[in-house]
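J.: Have a look at this one.
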Amino acid sequence: MSYTNEQVAHLVEGTLDWETTFRMLSMPKDNSRFAQYLAALQAKVGFPDRIVLPLGPHLYIVQSARDKKWLIQCDCGHAFCGYKDNWKLHAAIYVRDTEAAMTEVYPALMAPDTRWQVYREYYCPSCGTMHDVEAPTPWYPVIHDFEPDIDTFYKEWVNLPLPERLD
């Protein structure tokens, strides 16, 4: 079953009615769905860079309109780094590593012991959007979530032309 660009845009915005949302998410995807999804995301952001792949609700791999490099970028247009790098190392980081900081999230007796676990919150340094939270042991390095195989994704899954890149 095919859906309109308007329905996909409403899905992205979270304003699509429940019956259509359920049907859309539970049925096999039609061939044009990813292109519609990218178009809806692109219409939502205010930057000219082409969205190649969404990484989260407000975080994307984009093709720079200026030099065609692939970057990780926020909704606000802030470019973190190249798409193969760990964007978290370029974010504003707040570490909840004290009892007082943890009790802002959990009731006092339910908060984790900060000798065993901390929270790392990763924010866009330009607009302040929180993009991720990790809950590792205090000594554990910053986690690089994944590096997607975009070439294979475009070639074998979505059958769209792969955006050119210079990197």
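Read-outs throughout are calculated quantities, based only on the coordinates presented, and are distinct from any laboratory measurement. Predicted model, so just to flag it, every value in this text is computed and none were measured. Here the Cβ is made from the backbone with ideal geometry for all residues, glycine too, and neighbour counts use every protein chain on show.
J.: Of the conditions (1) crowded, with 16+ Cβ neighbours inside 10 Å; (2) in contact with a Ser or Thr (Cβ under 6 Å, 6 or more places away or on another chain), residue 76 satisfies every one except a single condition; which number is it?
T.: It is condition (1) that residue 76 fails.
J.: Follow-up question, since we're still on this one. Restricting attention to region 53-62, which residues are closer than 14 Å to residue 151 by Cα and in contact with a Phe, Trp or Tyr (Cβ under 6 Å, 6 or more places away or on another chain)?
T.: 61
J.: Ok, one more. Taking the stated definitions as given, is residue 83 touching a residue at least 12 places away in the same chain (Cβ under 8 Å), surrounded by 14 or more Cβ atoms within 10 Å (Cβ to Cβ), under 26 Å from residue 36 (Cα atoms) and of a type outside the set (D, E, K, R)?
T.: Values: touching a residue at least 12 places away in the same chain (Cβ under 8 Å): yes; surrounded by 14 or more Cβ atoms within 10 Å (Cβ to Cβ): yes; under 26 Å from residue 36 (Cα atoms): yes; of a type outside the set (D, E, K, R): yes.
It is true that residue 83 is touching a residue at least 12 places away in the same chain (Cβ under 8 Å), surrounded by 14 or more Cβ atoms within 10 Å (Cβ to Cβ), under 26 Å from residue 36 (Cα atoms) and of a type outside the set (D, E, K, R).
J.: Still on this model: Any idea which of (1) closer than 17 Å to residue 163 by Cβ; (2) touching a strand residue (DSSP E or B) at 6+ places or on another chain (Cβ under 8 Å); (3) surrounded by 14 or more Cβ atoms within 10 Å (Cβ to Cβ) is the one residue 36 doesn't satisfy?
T.: That leaves (2) as the condition not met.
J.: Another question, if that's okay. In region 19-54, how many residues are closer than 16 Å to residue 3 by Cβ and aliphatic (A, V, I, L, M)?
T.: Pass one, region 19-54, residues closer than 16 Å to residue 3 by Cβ: 19-41, 43.
Subsequent filtering for residues that are aliphatic (A, V, I, L, M) retains 24-25, 27, 35, 38-41, 43.
Qualifying residue count, region 19-54: 9.
J.: Between a first residue in region 150-161 that is closer than 15 Å to residue 70 by Cβ and free of Cβ contacts under 8 Å to residues at least 60 places away in the same chain and a second residue that is outside any helix (DSSP H, G or I) and not small (Gly, Ala, Ser), which pairs have beta carbons less than 6 Å apart while being 6 or more apart in sequence or on different chains?
T.: If the second residue must be outside any helix (DSSP H, G or I) and not small (Gly, Ala, Ser), the pairs left are 154/160; 154/162.
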